[in-house]
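The values are calculated or read from the model by the stated rules, or taken from the named source; none is laboratory data. None of these values were measured; they are calculated from a predicted model. Note: ideal-geometry Cβ built from the backbone for every residue, glycine included; neighbour counts use all protein chains shown. The protein model used for the area step is the full one, side chains on, heavy atoms only, and it has no ligands, DNA or RNA in it. Shrake-Rupley method; radii C 1.70, N 1.55, O 1.52, S 1.80 Å.
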Amino acid sequence: MSDKTPSHDPRMAAFVDGLMSRMTLGEKLGQLNLVTTNIPIEQERADEIRAGRVGGMLGGLFPCSFGVNGPAGLRAVQEIAVTETRLGIPLLFGYDVIHGHQTVFPIPLGLSCSWDMRHVETAARTAAREASASGVNWVFSPMVDIGRDPRWGRIAEGSGEDPYLGSRIAEAMVHGLQGDALSDPQSVMACVKHFVAYGAPEGGRDYNNADMSPQRLYDVYLPPFQAAVAAGAASAMMSFSAVNAMPSHADADLLGKFLDGVLKVSDFDGIPEMIAHGLGDETGAIDEADPLQTLSERALRAGVQMDMMGKGYISRLEGALAAGRVTMEQVDDACRAVLETKYKLGLFADPFARFDETRVARDLKTPENRAAARAAAADCCVLLKNAGELLPLARTGTVAVIGPLADDHKNILGPWAFQGDPAEAVSVLDGIRAQGVAVTHAKGANFTEDRRMVELLNFAGTKVELDPRPPEAMVAEAVAAAAAADVVVAVLGEAAEMSGEAASRMDIGIPENQRDLLKALVATGKPVVLVTMNGRPLTLPWEAEHVPAILVSWFGGSEAGNAIADLLFGERAPCGRLTTSWPRHVGQVPLSYDRATTGRPGNPAEDPGKYTTRCYLDGSSQPLFPFGFGLGTTSFAYGPVGVDKTELGPDDRLTVSVNVTNTGRRAGAEVVQLYLTDPVASQVRPGKQLRGFEKVWLEPGQSRTVSFALTTRDLEFHDAQLRRVWEAGKFVIGVGPNSAELDSVTVRWNKG
């Protein structure tokens, strides 16, 4: 694979062998030490580098000057490593480039809703060019954790609830970041994270543990990691959480099975945090006087090769080696993995290749980058409702643009956008004004009236500023603006730090004070378009019933305001589709489309009754908006699902086809989705599973036949012994616009 130099490369092996033969034990352990700093570098850190005790550095947790003023600062640090150390081994420079670098793209959950791998790969490639132009050679992305609990804030950083779609996105991200060769100065090393099942925390509480069947782990949470590794991902980051009672930093079994040949790095302080987990060594013992000693040893034995800020490898492994609790082979294997990674990145050939200052003007925040961000931000928006064809809006009359996010430049970038400049972000108000229509504006409400919440949202810098006016006065001003306008665009939702790391929420609706504003706007009788900004699925039952048009824009990044305006006024057609199921109420969580049918499913055509799983006593068990759902400003009709055969053998390939026609008055894109159901198996199976999708653009009246190919690989699952198997029998193939609206056909697959 072009993304990853083969580990048997004889030139690399000879080079690394020669280098390691000259290294002291201290220098080998130094390569395993990943530390953080800001630029300019502190004297203490510079001395550590000179002593050969640092293998790599990462940008700080909070906004710092990594790359803001170009690569000069990082070059100075690399020069210390290359010219002032005994062996001149260059450093890795890592940074959290999650959804763009200085040109900010939509958050990953939003980008996944484009169902368009071209957007995903372009976003990653743009981020790679910008980050590498800043001197960064390693990015801690993509996050491929499957997320099925919208209470969990980091659902914003993943690609939703489905392992098939998540795997395709993981592949595209790796290709975009790493390009055709890691040694290309415009490429960066991807770091797939967080291994594994970090996205399944109990109660949706960040850092919490997960407990699940091995089959679920293998069928749902591992596939995106396998896809990323197969695509050439050169590194992987461990998870903070324990899965089935084992923190990944100590899980020798899974690390050995699924991350062979990949540089394995701890998460920030992840090794020392196993102390709080209550973990000891493999026998349950621990050095009570120095528990970090025990757990650093265990992490190395498990296969973790770099220690991010845990400081245990650099300070504890020399003694462990002398005592025989780790082996020289284990230290050498870890050191070799780091050195081979640096070789693949081209750092030994030219450690300064990513410090070309002419690239700052050429590659950062270019018009092409901004155009790509604008297109992606538009195509990830999901239209949930459009009663009476309210959208697209006419360019006549006055538009009232109202809400705490209407003229926001900080939160629109979303969480984990450290290098994005709010001054360069386009707000929704900016974007609508640029459309040349008459506009009035009122804030209408604060993000929240909860003062403690505001403190937490501003923990890493001020993004939320409270208007001191009483809520009633703000609503009254907004209502007056709405009354004087022809249509209202209400821009409501979350502040950026309401999603992301350490941002779990019990109530996943629009904050109550914002909903009060929305109710007052609807009560004016003026047509209202609700534009939500959010990093998670929201509960919108009132909004879905009372607001005529709802557009989910996520956190769209640098060009979000222009992209949203493009959709509102018909410059682009909305074509995003949900990659998570949206609950009616948080009490339904977790809720995913592929849940298995129970022994008492109930009849969907009848009242479900008391003794079925279809309903709660006080509400439906069905999602408000299903996985795969999304509307356009046109309509599509599906023909019957066709197959080229109904009886198949083990080596056969099934072709599934459907004709799709644009029956509306406007051009638009449809995401045609294929789902597979295995109705009878040796163990209970999901009710349906996504196995294919294609996005097609159709002019009014235009038709297109969309075809999918299936093999027995698509039928496989893990049995009780964790073997990948498929079983003969009938299979139902469903095709449609989302997971809930499918036309189906049945085929039989035989073993012989």
Note to self: Can you work out the Karplus-derived ³J(HN,Hα) for every residue in the stretch 71-77? Use 6.51 cos²θ - 1.76 cosθ + 1.60 with θ = phi - 60°, whole Hz, and x for glycine or proline.
What the structure shows: x, 4, x, 6, 4, 4, 5
Next item on the list: Treat each spin label as a single point 7 Å out from the Cα along the C-beta direction, and report the Trp542 to Ala523 distance in nm.
Entry: 1.1
Check: Which value, in Å² rounded to 10, gives the accessible area of Asp678 with a 1.4 Å probe and all protein chains present?
Finding: 20
Check: With every protein chain present, what accessible area does Tyr616 have (1.4 Å probe, heavy atoms only), rounded to the nearest 10 Å²?
Finding: 100
Next item on the list: Under 10 Å from the Cβ of Val725, count the other residues' Cβ atoms, weight Lys and Arg +1, Asp and Glu -1, and hand me the total.
Entry: -1
Note to self: Please enumerate, by chain and number, the aspartates and glutamates with C-alpha under 20 Å from the C-alpha of Lys688, excluding those fewer than 8 residues away in the same chain.
What the structure shows: Asp149, Glu161, Asp162, Asp219, Asp594, Asp678, Asp714, Glu716, Asp719, Glu727, Glu741, Asp743
Next item on the list: Using a 1.4 angstrom probe on the protein heavy atoms only, line up Asp260, Asp281 by accessible area, largest first.
Entry: Asp260, Asp281
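Percent antiparallel among DSSP beta bridges with both residues in the stretch 137-296, to the nearest 5?
On the way: 2 of 11 bridges.
So the antiparallel bridges in the stretch 137-296 amount to around 20 percent.
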Item checked: Residue-averaged [θ]222 nm for the chain, counting only DSSP H segments that reach four residues, each worth -39500 (n - 2.57) -> -8000 deg cm²/dmol
Item checked: Over the stretch 222-276, relative contact order from alpha-carbon pairs under 8 Å, at least 6 apart, % -> 42
Item checked: Portion, in percent, of the accessible area of the stretch 155-275 that falls on carbon or sulfur, probe 1.4 Å -> 48
Next item on the list: Could you pull out every residue, at least 5 positions away or on a different chain, whose amide H is within less than 5 Å of the one on Ala438? Hs are placed 1.01 Å off N in the peptide plane, and Pro or chain starts have none.
Entry: Val399
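Taking the Cβ-Cβ separation of Arg653 and Ala245 as r and a Förster radius of 35 Å, what is the calculated FRET efficiency to the nearest 0.05? Don't skip to the answer; put the middle values down first.
Details: r = 42 Å, r/R0 = 1.19.
After rounding to 0.05, the efficiency reads 0.25.
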Notebook entry, point to check: Can you list the residues, at least 5 places off or on another chain, whose amide H is less than 5 Å from the amide H of Gly56, using H built in the peptide plane?
Noted result: Asn33, Val35, Leu92
Next item on the list: Would you list which lysines come within 17 Å of Lys526, measuring only between C-alpha atoms, while excluding same-chain residues fewer than 8 positions from it?
Entry: Lys385
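What number does the stretch 180-305 give for Rg over Rh if you use C-alpha atoms and the Kirkwood radius?
Details: Rg = 15.1 Å, Rh = 15.2 Å.
Here Rg/Rh amounts to 0.99.
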Check: Could you give me the ³J(HN,Hα) list for the stretch 18-30, computed from phi with Karplus coefficients 6.51, -1.76, 1.60 and θ = phi - 60°, whole Hz, x at Gly and Pro?
Finding: x, 5, 5, 5, 9, 8, 7, 4, x, 5, 5, 5, x
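Can you tell me the length gained on complete extension of the stretch Val732 to Leu25, counting 0.36 nm per residue apart and subtracting the Cα distance?
Working: separation 707, 0.36 × 707 = 254.52 nm, distance 5.95 nm.
Length gained, Val732 through Leu25: 248.6 nm.
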Notebook entry, point to check: Rounded if a/c is under 1.5, else prolate if a/b beats b/c, else oblate: with a ≥ b ≥ c from the C-alpha gyration tensor eigenvalues square-rooted, which is the stretch 563-657?
Noted result: oblate
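What length, rounded to one decimal in nm, is gained on full extension from Val680 through to Ala394, with 0.36 nm per residue of separation minus their alpha-carbon distance?
Values: separation 286, 0.36 × 286 = 102.96 nm, distance 5.24 nm.
Stretched fully, the Val680-Ala394 segment lengthens by 97.7 nm.
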Next item on the list: May I ask you to give the solvent-accessible area per residue for the chain, in square angstrom, as obtained with a 1.4 angstrom probe?
Entry: 36
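Could you work out the relative contact order of the chain? I mean the mean sequence separation of Cα pairs under 8 Å and 6+ apart, divided by the number of residues, in percent.
It rounds to 13 percent for the chain.
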Check: Short version: ³J(HN,Hα) in whole Hz for each residue of the stretch 280-285, in order, from phi by Karplus 6.51 cos²θ - 1.76 cosθ + 1.60 (θ = phi - 60°), x for Gly and Pro, what are they?
Finding: x, 7, 5, 9, x, 8
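If DNA, RNA and ligands are ignored and the probe is 1.4 Å, what is the ranking of Asp332, Asp566 by accessible area, most exposed first?
On the way: Asp332 40, Asp566 10 Å².
Sorted descending by solvent-accessible area, the residues read Asp332, Asp566.
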Next item on the list: Heads up, I need the accessible area for Lys526: 1.4 angstrom probe, whole protein in place, Å², nearest 10.
Entry: 60
Next item on the list: Would you mind telling me the share, in percent, of accessible area of the stretch 555-681 contributed by carbon and sulfur at probe 1.4 angstrom?
Entry: 50
Notebook entry, point to check: Sorting Arg374, Arg125 by accessible area (1.4 Å probe), largest first, what list results?
Noted result: Arg374, Arg125
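Could you check what % of the DSSP bridge pairs in the chain are antiparallel, to the nearest 5? Don't skip to the answer; put the middle values down first.
Values: 48 of 90 bridges.
Counting only bridges with both partners in the chain, antiparallel ones make up about 55 percent.
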Note to self: Give me the one-decimal nm value for the distance between modelled label points at Ala740 and Asp332, 7 Å along each residue's Cα-to-Cβ direction.
What the structure shows: 6.0
Margin query: Accessible area of the stretch 413-476 with a 1.4 Å probe: how many percent of it is carbon plus sulfur?
Written below: 56
Item checked: Within straight-line cross-link reach of Lys28, aspartates and glutamates at Cα separation under 16 Å, skipping those fewer than 8 residues along the same chain -> Asp17, Glu48, Glu297, Asp307, Glu318, Glu329, Asp332, Asp333, Glu340
Margin query: Taking a ≥ b ≥ c as the square roots of the Cα gyration tensor eigenvalues, with a/c under 1.5 meaning rounded and otherwise prolate when a/b beats b/c, else oblate, which class fits the stretch 267-399?
Written below: oblate
